[in-house]
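The values are calculated or read from the model by the stated rules, or taken from the named source; none is laboratory data. Quantities reported herein were computed from a predicted structural model and do not represent experimental measurements. Positions of Cβ are backbone-derived with ideal geometry, glycine not excepted, and every protein chain shown enters the neighbour counts. SASA here: full protein model, heavy atoms, side chains in, ligands and nucleic acids out. Shrake-Rupley method; radii C 1.70, N 1.55, O 1.52, S 1.80 Å.
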Amino acid sequence: MISIESIIWYLFLIDSIVAAITILFFSKWYKKNLGKGFVKHFSASKGWAILYLLLILWVGSALYRLGILGF
């Protein structure tokens, strides 16, 4: 049975992967297409995107050890 925690974790995992891919490979597109105002307030850097992905993976490993995530 899929729990609400696992659904939320999968959504965060997808978000962190998309963020990391966008910043690592499409940073010029991000700055060009999302406008100066958005990028000014929500600037993204490679370090934060990778840290976000690592933190999500760490939380996922904890949820897996608790038996909440089912693969």
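What the table shows:
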quantity: q = 0.14, 0.25 Å⁻¹, the chain: log10 I(q)/I(0) [Debye, one scatterer per Cα]; calculated: -0.52, -1.03
quantity: Accessible area expressed per residue, the chain, with surrounding protein chains retained (probe 1.4 Å, Å²); calculated: 81 Å²
quantity: Sites Lys32 and Ile2 - FRET efficiency at Förster radius 25 Å, r taken between beta-carbons, to 0.05; calculated: 0.05
quantity: Angle between the chain longest axis and helix 4-25 axis [Cα atoms, degrees, rounded to 10]; calculated: 30 degrees
quantity: Fraction of accessible area attributable to carbon and sulfur, the chain (%, probe 1.4 Å); calculated: 74 percent
